[in-house]
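**Student:** Have a look at the structure that comes next, please.
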Amino acid sequence: MTEKKKGRLFGVGVGPGDPELLALKAVRAIERADVVAFPGKSKEESTAYAIPVAAIPGYTEKSALPIDLPMTTDQARLKAIHEEAAEILEEHLLKGENIAFLTLGDPSFYSTYAYIDEKIRADGFETEIIPGVPSFSAIAARLKMPITLGSESVKILTGLGDDFEAEAENLIILKAGRNAGQIRDRLKAAGYKAVMVCNAGMQDEKVYAAIDDIPETERYFSLILAKRERACPARELSSR
């Protein structure tokens, strides 16, 4: 008796929020998938699930598979969450179903999907990763503000986890919302100008166009682009 062919898992980056930023390869992977998986407890609360709605006809008629991925810093708990997610996905893969697992931004960039992909590959399944537009690229394009020019350096950080005072001319600070005020003050002291964008590309997007406008706290999906003043033409950022 011939063994049933296993399905394939596609980690699909859906970008920061604007459905028009979906890559053609991402659209095709979603269209061809038997199941659309996504982080969250339901379709209604998943940002990643909502992005392709306006771009892919018939998308909402596909089988939807929410994967609950609660945030925690407990490493043992995280491992258990990733293993449970992999088990759920493998149940469908064993049936021969192809799955498009949607991730905000890019699946290879600070994405929980990377852990799940690693586990599923170790279990003998085939996977493919389809890149998406990261939030900082979308924000820089929208604001017409180049992230780097010439031989300038750039460093990517998360929150207050790293020291940046003597580092790159350009900084990308992800997940900055909770500590926005502290980051703002440290940037000013270190000679940076900055903008902050919350929920980039979404309907409730909010832009803080000057460093002094950045509040004490903001939403989770908040990103700061910062430039040292000597590397920052006046047309790019305001430091009022």
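The values are calculated or read from the model by the stated rules, or taken from the named source; none is laboratory data. What you are looking at is a predicted structure, and each value in this text was computed from that prediction instead of being measured. Heads up, the Cβs are rebuilt from the backbone with ideal geometry, glycines too, and the neighbour counts pull from every protein chain shown. Quick note on the areas: whole protein, heavy atoms, side chains included, nothing else; ligands and nucleic acids left out. Shrake-Rupley method; radii C 1.70, N 1.55, O 1.52, S 1.80 Å.
**Student:** Among the residues of the range 33-69, how many are closer than 22 Å to Ile129 by Cα, open to solvent by 20 Å² or more (accessible area, probe 1.4 Å) and not in a helix (DSSP H, G or I)?
**Tutor:** Residues meeting the conditions: 10.
**Student:** Going through the range 109-128 one residue at a time, which ones are closer than 21 Å to Ile30 by Cβ, open to solvent by 60 Å² or more (accessible area, probe 1.4 Å) and touching a residue at least 60 places away in the same chain (Cβ under 8 Å)?
**Tutor:** The answer is Glu126, and nothing else.
**Student:** Do any strands (runs of 3 or more DSSP E) entirely within the range 129-212 hold 3 or more residues that are open to solvent by less than 50 Å² (accessible area, probe 1.4 Å), and if so, which?
**Tutor:** Hits in the range 129-212: 170-174, 192-198.
**Student:** Hey, could you check the range 70-92 for residues that are assigned to a helix (DSSP H, G or I) and of a type in the set (A, V, I, L, M) and say which is surrounded by the most Cβ atoms within 10 Å (Cβ to Cβ)?
**Tutor:** Here the residue is Leu89.
**Student:** If Phe101 meets every condition in (1) in contact (Cβ under 8 Å) with a residue 60 or more places away in the chain; (2) of a type outside the set (Asp, Glu); (3) open to solvent by 20 Å² or more (accessible area, probe 1.4 Å) apart from one, which number is that one?
**Tutor:** Status for Phe101: all satisfied but (3).
**Student:** I'd like to know if the range 96-114 contains one or more residues that are assigned to a helix (DSSP H, G or I), closer than 14 Å to Leu9 by Cβ and of a type in the set (Ser, Thr, Tyr).
**Tutor:** Yes, the range 96-114 contains a residue that is assigned to a helix (DSSP H, G or I), closer than 14 Å to Leu9 by Cβ and of a type in the set (Ser, Thr, Tyr).
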